[in-house]
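Student: Below is the structure I would like to discuss, written out as structure tokens.
The values are calculated or read from the model by the stated rules, or taken from the named source; none is laboratory data. Quantities reported herein were computed from a predicted structural model and do not represent experimental measurements. Glycine also receives a Cβ, built like all others from the backbone with ideal geometry; neighbour counts cover every protein chain displayed. With ligands, DNA and RNA removed, areas are computed over all heavy atoms of the protein, side chains included. Shrake-Rupley method; radii C 1.70, N 1.55, O 1.52, S 1.80 Å.
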Amino acid sequence: MSQKSAASPLPYCFDPNVIEAGCDEAGRGCLAGPVYAAAVILPRGFSHPWLNDSKQVSEKRRDELRAVIENEALAWAVGVVDNEEIDRINILRASILAMHRALDALKLRPEAIIVDGNRFTPYGEIPWTTFVKGDGRFANIAAASILAKTHRDEAMRRLADECPGYGWEINKGYPTKAHRDAIARLGATRFHRRSFRLLDNQLTLF
């Protein structure tokens, strides 16, 4: 029995009458590193029994799903906004910009866009719709969440090698106690987001 023989509970898109891209981001709440976003256009009727919001999928299955999505999607792309740009424009704008960059990189131009969450800004003349918890409602958004998460995790493991001691290979830059303790002990790196509260008792930017 193949992994795709069981039907996914998620419809592959919102509007099957158009070429639709699903978008999602990863890393918005992190203290360090870039924010990543992905845009995915799935083939008609695509389903996979594991496909869901990336937060509901184990790391092993996310990695396996990434390979399936990248192999079978009609088009997919990832956009990145680094921590310095996040500090300049704020994390909301950076998250949307990363989605726009992912859309820019698609090899197939979508006729409609659906986005996880409740905030987006126009992308050219292409109509768009936001869906709260859309990554658990539509397979193309769920696929984007998987790609954004796995590509970002991969990047944070590389940064962990460059900046040891912060546990990024484990916490991926999220505000865990161990991460905050490391900032207090070692100071902030050039990859930390200076516009974020890096320490609970922080009074000024590092």
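Student: Being surrounded by 14 or more Cβ atoms within 10 Å (Cβ to Cβ), at positive phi and either in contact with a Pro (Cβ under 8 Å, 6 or more places away or on another chain) or of a type outside the set (Gly, Ala, Ser) (or both) is the requirement here; does residue 33 meet it?
Tutor: Against the criterion (surrounded by 14 or more Cβ atoms within 10 Å (Cβ to Cβ), at positive phi and either in contact with a Pro (Cβ under 8 Å, 6 or more places away or on another chain) or of a type outside the set (Gly, Ala, Ser) (or both)), residue 33 does not qualify.
Student: Out of 50, 76, report the one residue that is open to solvent by 10 Å² or more (accessible area, probe 1.4 Å) and within 14 Å of the chain's Cα centre (by Cα).
Tutor: Values: 50 fails: within 14 Å of the chain's Cα centre (by Cα).
That would be 76, the only listed residue that is open to solvent by 10 Å² or more (accessible area, probe 1.4 Å) and within 14 Å of the chain's Cα centre (by Cα).
Student: For the range 97-115, enumerate the residues that are open to solvent by 40 Å² or more (accessible area, probe 1.4 Å) and touching a Leu at 6+ places or on another chain (Cβ under 8 Å).
Tutor: Selection gives 108 alone.
Student: Can residue 13 be described as open to solvent by less than 40 Å² (accessible area, probe 1.4 Å), at pLDDT 95 or above, assigned to a loop (DSSP other than H, G, I, E, B) and within 30 Å of residue 180 (Cα to Cα)? Give the derivation first.
Tutor: Numbers: open to solvent by less than 40 Å² (accessible area, probe 1.4 Å): yes; at pLDDT 95 or above: yes; assigned to a loop (DSSP other than H, G, I, E, B): yes; within 30 Å of residue 180 (Cα to Cα): no.
The answer is no for residue 13.
Student: Turning to a different aspect of this structure: Need the failing condition index for residue 94 against (1) assigned to a helix (DSSP H, G or I); (2) farther than 13 Å from residue 145 by Cα; (3) open to solvent by 40 Å² or more (accessible area, probe 1.4 Å), just the number.
Tutor: Only one criterion is unmet by residue 94, namely (3).
Student: Which is in contact (Cβ under 8 Å) with a residue 12 or more places away in the chain, under 16 Å from the mean Cα position of the chain (by Cα) and over 13 Å from residue 28 (Cα atoms), of 96, 41, 86?
Tutor: Exactly one residue qualifies, and that residue is 41.
Student: Tally the residues that are more than 30 Å from residue 192 (Cβ to Cβ) and in contact (Cβ under 8 Å) with a residue 24 or more places away in the chain, restricting the search to the range 71-83.
Tutor: Within the range 71-83, residues that are more than 30 Å from residue 192 (Cβ to Cβ) and in contact (Cβ under 8 Å) with a residue 24 or more places away in the chain number 4.
Student: Any chance the range 190-206 includes a residue that's touching a Gly at 6+ places or on another chain (Cβ under 6 Å), part of a helix (DSSP H, G or I) and not acidic (Asp, Glu)?
Tutor: Looking for residues that are touching a Gly at 6+ places or on another chain (Cβ under 6 Å), part of a helix (DSSP H, G or I) and not acidic (Asp, Glu), one finds none in the range 190-206, hence no.
Student: Let me ask another. Looking at the range 79-91, which of its residues are surrounded by fewer than 22 Cβ atoms within 10 Å (Cβ to Cβ), outside any helix (DSSP H, G or I) and hydrophobic (A, V, I, L, M, F, W, C)?
Tutor: 80
Student: List the number of the failed condition for residue 118; all other conditions in (1) open to solvent by 40 Å² or more (accessible area, probe 1.4 Å); (2) closer than 18 Å to residue 38 by Cβ; (3) assigned to a loop (DSSP other than H, G, I, E, B); (4) out of contact with any Leu (no Cβ under 6 Å at 6 or more places or on another chain) hold.
Tutor: Going through the list (1) open to solvent by 40 Å² or more (accessible area, probe 1.4 Å); (2) closer than 18 Å to residue 38 by Cβ; (3) assigned to a loop (DSSP other than H, G, I, E, B); (4) out of contact with any Leu (no Cβ under 6 Å at 6 or more places or on another chain), residue 118 breaks only (2).
Student: Just give me the residues in the range 164-196 being in contact (Cβ under 8 Å) with a residue 24 or more places away in the chain, within 30 Å of residue 67 (Cβ to Cβ) and either open to solvent by less than 20 Å² (accessible area, probe 1.4 Å) or of a type in the set (A, V, I, L, M) (or both), in sequence order.
Tutor: Across the range 164-196, the qualifying residues are 166, 168, 172, 173, 179.
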